[in-house]
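**Q** So that we are looking at the same thing, I have put the structure below in structure tokens.
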Amino acid sequence: MPIIVELDVMLARRKMRSKELAERIGLTEQNVSLLRSGKVKGVRFETLEKICGVLKCQPGDILRFEAEVDEQAETMEPDG
Amino acid sequence: MEQIYHPRPASLAPALARTASLAAVLLALVSVFGAAQWFTDPERLLPFLTHAYVGGARVTLSQGAWLLLPVIFAAHSASLLVALLCLARMFRHFGCAEPLAGETADAMRRGGIAFLVFTLLVCLSQPAISWLLTQDNPPGERLVVLSFGIRDLLGLVLAGVLVATGHLMALAAELRADHRQIV
């Protein structure tokens, strides 16, 4: 999956457990766990807003795009 | 003032599942008993068939009819049995914490298809059975009875509704599962 979720990193920086994050943003622990492992199909803006508000970070701090190998080869081809 | 207890719909589902299962068991027992009766003493069942399928006209039970009639009725029983078992499975899933699940929709759809097959068999068996019972009659006394009434139409409509609703529920369950993966 090209979108990498780095919530673990931000939780470690803020010294917060996922259980506390789940309580503060109103999600179940299970959903936070799924989000941490990247096994979700999408994140609502509302959820992202709450996470960024609690962890005092930017969306880019917890979400990262990593192109897959074929896409990387295409983007690295020189123009002309 | 006395309070009237209204059971929640979800709590009726297990009871309905048990009723459907019991109906399936009874149907199976009646089918087995009927088959045993037919192969040991078909004359006892012949008056019932005569009245139901040829309106009391004269019938002649040939060897072919004696073999084919239980096959036709076995097909009826099998399709209705499958429909009842699917309905029992559907009600069991309704009674669970996740009533709107793919399994529930699948059970409803399969039950509807089985019931549709049963209804079609009932419609088509009237001419087939009337022909089988009278094919060995003298010329002029052979019958093919065709009938399609409001009861048959209602059965077809109900079966169609079950199939369509099951299909829609399956789509809804898929969407719900998809939405659950969005946090």
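**Q** Suppose we flag chymotrypsin sites (Phe, Trp or Tyr not before Pro) only when DSSP calls them loop and at most 15 other Cβ atoms lie within 10 Å. Which is the longest uninterrupted stretch of chain B? Don't jump to the answer; show the numbers that get you there.
**A** Working: sites that count: B:5, B:148.
Longest gap between qualifying sites, sites excluded: B:6-147.
**Q** Would you mind working out the magnitude of the charge dipole of chain B relative to its Cα centre, with +1 at each Lys and Arg C-beta and -1 at each Asp and Glu C-beta, to the nearest 20 Debye? Let's see the in-between values first.
**A** Values: 12 positive and 11 negative charges, 41 e Å.
Dipole of chain B, to the nearest 20 debye: 200 debye.
**Q** Still on this structure: Using only helices, what value at 222 nm comes out for the protein assembly as shown when you add -39,500 (n - 2.57) per DSSP H run of length 4 or more and divide by the total residues, to the nearest 500 deg cm²/dmol? All intermediate terms of the calculation are to be shown ahead of the outcome.
**A** Numbers: 11 runs with 182 residues, N = 263.
Calculated at 222 nm, the ellipticity per residue is -23000 deg cm²/dmol.
**Q** Here's a follow-up. If you count only protein heavy atoms and use a 1.4 Å probe, how large is the accessible surface of residue A:40, to the nearest 10 Å²?
**A** 20 Å²
**Q** Of A:50, A:15, A:39, which has the most accessible area and how do the rest follow, probe 1.4 Å?
**A** Details: A:50 85, A:15 175, A:39 140 Å².
Descending accessible area places them as A:15, A:39, A:50.
**Q** In addition: With r as the distance between the Cβ atoms of residue A:3 and residue B:18 and R0 = 51 Å, compute the FRET efficiency 1/(1 + (r/R0)^6) and round to 0.05. Display every interim value, and only then the final one.
**A** Details: r = 48 Å, r/R0 = 0.94.
Efficiency, rounded to the nearest 0.05: 0.60.
**Q** Which residue, B:157, B:139, B:119, has the largest displacement toward the positive end of the dipole of segment B:94-183 when charges sit on each Cβ (Lys, Arg +1; Asp, Glu -1)?
**A** B:157
**Q** Here is a further query. Just to check I understand the Karplus step: with θ = phi - 60° and J = 6.51 cos²θ - 1.76 cosθ + 1.60, what whole-Hz values come out for segment B:108-121, glycine and proline as x?
**A** 5, 5, 5, x, x, 5, 5, 5, 5, 4, 4, 5, 5, 4
**Q** Just to confirm, what accessible area per residue do you get for chain B at 1.4 Å probe, in whole Å²?
**A** On the way: 11270 Å² over 183 residues.
Per-residue value: 62 Å².
**Q** Sticking with this structure for a sec: Estimate for me the total accessible surface buried between chains B and A (protein heavy atoms, probe 1.4 Å, no ligands or nucleic acids), in Å² to the nearest 100.
**A** Separately minus together, B and A give about 700 Å² buried.
**Q** Give me the dipole magnitude in Debye, nearest 20, for the protein assembly as shown about the Cα centre, with unit charges on the beta carbon: positive for Lys and Arg, negative for Asp and Glu.
**A** On the way: 25 positive and 26 negative charges, 214 e Å.
With only Lys, Arg, Asp and Glu charged at Cβ, the dipole is about 1020 debye.
The values are calculated or read from the model by the stated rules, or taken from the named source; none is laboratory data. What you see is a predicted model, and the numbers here were worked out from it, not measured in a lab. No Cβ is skipped: glycine too gets one built from the backbone with ideal geometry, and neighbour counts run over all protein chains shown. Keep in mind that these areas ignore ligands, DNA and RNA; they rest on the heavy atoms of the full protein, side chains included. Shrake-Rupley method; radii C 1.70, N 1.55, O 1.52, S 1.80 Å.
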